[in-house]
1. Suppose we filter 189, 267, 257 for residues that are closer than 26 Å to residue 336 by Cβ and outside the structural domain of residue 321 (by TED's automatic domain parsing); which single one remains?
2. Out of (1) crowded, with 21+ Cβ neighbours inside 10 Å; (2) out of contact with any helix residue (DSSP H, G or I) (no Cβ under 7 Å at 6 or more places or on another chain), what's the single condition that is false for residue 211?
3. Check off (1) surrounded by 14 or more Cβ atoms within 10 Å (Cβ to Cβ); (2) not in a loop (DSSP other than H, G, I, E, B) for residue 293 and give me the number that stays unchecked.
4. From the residues in region 319-345 that are buried (at least 17 other Cβ atoms within 10 Å of the Cβ) and under 16 Å from residue 307 (Cβ atoms), which one is nearest to the chain's Cα centre (by Cα)?
5. Sort out which residues of region 331-361 are in contact with a helix residue (DSSP H, G or I) (Cβ under 8 Å, 6 or more places away or on another chain) and assigned to a loop (DSSP other than H, G, I, E, B), and write them in order of number.
6. For region 1-37, which positions are assigned to a helix (DSSP H, G or I), in contact (Cβ under 8 Å) with a residue 24 or more places away in the chain and over 18 Å from residue 55 (Cα atoms)?
7. Which of (1) within 15 Å of residue 358 (Cβ to Cβ); (2) in a helix (DSSP H, G or I); (3) touching a strand residue (DSSP E or B) at 6+ places or on another chain (Cβ under 7 Å) is the odd one out, the single condition residue 305 does not satisfy?
């Protein structure tokens, strides 16, 4: 019987007595059976979700429909064009069918864009086992301006134009997961017991509590993540699936801290860590602290590390005789570095999200 269920579509699940006992009656034995079955058959999750939405819509109106009536409504919902549903709106039976169509339409929203093309959010979902919840929400920003979305845990998402996001409401008890196609800025409420995951077509990002930007369109050649505050871990979709398939806790990812970013190259299929284009101050300091009078360069580098949250690597022995007299209050980080290196006859480069200073000394 369990093998037979693998061939079920959502309308087959909706007619199944054991399935209806789980959805409508919360029968403990049926609940245990279907939870175990779903763990073994995660690829069937979409049909299960649609069937649950279908039955819950019926329950609100007439949970005791006869089997042949349920069959009739199911067939009409699946087969009838939208115009026909509207035409029959005045008929009670089809008013019910149209109402259910709206509910199921929410489920099918992940399959289609507005022109009927397969949605990248669906392609993301197919790679992960989604929690069994009936309350998935999906938003697409069709405007020219960013839109803010408030999540039930207190986190906020700023969704940029032409971007879509899908998430359960409420989140599951153990983790918070959202599915993104496009660009969004996340400001996440900290909860160490309930990590927050952002899944995209190319990369996945895990955080506990932080703010960061994800830019990952399904059809783009590159995807990237920029961290503003806190710390995140970024994984390629391939590495995450590999770790999941082997049930390993160790995952090959990249850890990012403030003012760091990672880019995923679609052609090279790897993550490239770097510093963001315009690093911002993460710890405010009085203006006078940016003014140095014959200060050892080691003191200057420690100050820059503190206010920008970035690591500066240099040879302390080689630069022990280097001192700086300068006002660094108005310059960008890179302008500050240019000035420091000019005075100390040094150079710098950015490697793996860190600043590397090259110097021959100041003697």
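The values are calculated or read from the model by the stated rules, or taken from the named source; none is laboratory data. Owing to the predicted nature of the structure, the values given are computational and were not obtained by experimental measurement. Don't worry about glycine lacking a Cβ; one is built from the backbone with ideal geometry, like all the others, and counts go over all protein chains shown.
1. Values: 189 fails: closer than 26 Å to residue 336 by Cβ; 267 fails: closer than 26 Å to residue 336 by Cβ.
Residue meeting the stated conditions: 257.
2. (1)
3. (1)
4. Once the filter is applied, the top-ranked residue is 333.
5. Selection gives 331 alone.
6. 2, 37
7. (1)
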